[in-house]
Each structure stands twice: as structure tokens, then as C-alpha cells.
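The values are calculated or read from the model by the stated rules, or taken from the named source; none is laboratory data. This structure is a prediction, so every number in the text was calculated from the model and none was measured. Cβ atoms come from the backbone with ideal geometry, glycine included; neighbour counts cover every protein chain shown. These accessible areas exclude ligands, DNA and RNA; they are computed on the full protein's heavy atoms, side chains included. Shrake-Rupley method; radii C 1.70, N 1.55, O 1.52, S 1.80 Å.
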Amino acid sequence: MSHNSQAFLPTNAGLPPSYETIKEEYGVTELGEPHSSAVVRTTVINMPREVAVPDHVVWSLFNALFLNFCCLGFIAYAYSVKTRDRKMVGDVTGAQAYASTAKCLNISSLISSVLRSLSASLSFPPPLWQLH
């Protein structure tokens, strides 16, 4: 195997390289009336700039602080924060999925906490001396 090595030395050392000037001709035509009598149809689609996705942070925080049955309030709060993160990134589909999960967890936490409070109050009636 023979290796041929060539040194690439500039032929005009110390001088800037010469560039070729390329000249192209462009033809410009003026547009006027359309030559055909075709009807132009347009379609306008109105798209909302931002889709409102509720993140349920306040509800989740309330459930986490006061009605935290089986840590459902904390988990709902985590999903609410994830919803806000997805909204900031611009992922509307992901934000809607996290918001739906946070809403279901908040409803579950609220119902279970209310049922727990009712069962506790019904299972321990007041003493007889307070019934007078």
C-alpha cells in the first residue's frame, strides 16, 4: 500500500485568496390581474392562543393541610404542581392529564375525609349527662 501525501500549500503565499465573481441575471415580471376567472376560496380558522387548564392547586393545598386522608391531599398537590409545570412548558395534553388526576384525587380525599368525620361522630354519641 502506498500512501501519497500531498502538502496543500497556497500558490500565492501571503496574498488573500482570489474569489470568482458570479453574475447571474434574474428576470422579474410584474404580477397583474389573474389571467383566469377562477374563484379564490379562503378558509379562516380561529384558534385560541391559550387553552385554560385548571390546575387545582388551592384545592389540593387545602386537602393536603386539612383533609389529608391516606395522603391523597399530598399526592393531589404533587399532580397540581406537575400540571403547572406542563402548562409552563406548553404541553396542554400533559397538563390536562395531570389536572384530571389531581381533580380525581381531590374528590376522593374530600369524600373519604367527610365520610370519616361522619362515621366518627356517629360512632361516639355524646354522653348521657349532656342530653339534658
Any residue that is open to solvent by 60 Å² or more (accessible area, probe 1.4 Å) and among the hydroxyl-bearing types (Ser, Thr, Tyr) - is there at least one of those in segment 56-66?
no
Considering only segment 90-100, I want to know if a residue exists there that is within 19 Å of residue 64 (Cα to Cα) and either in contact with a Lys or Arg (Cβ under 9 Å, 6 or more places away or on another chain) or surrounded by 17 or more Cβ atoms within 10 Å (Cβ to Cβ) (or both).
yes
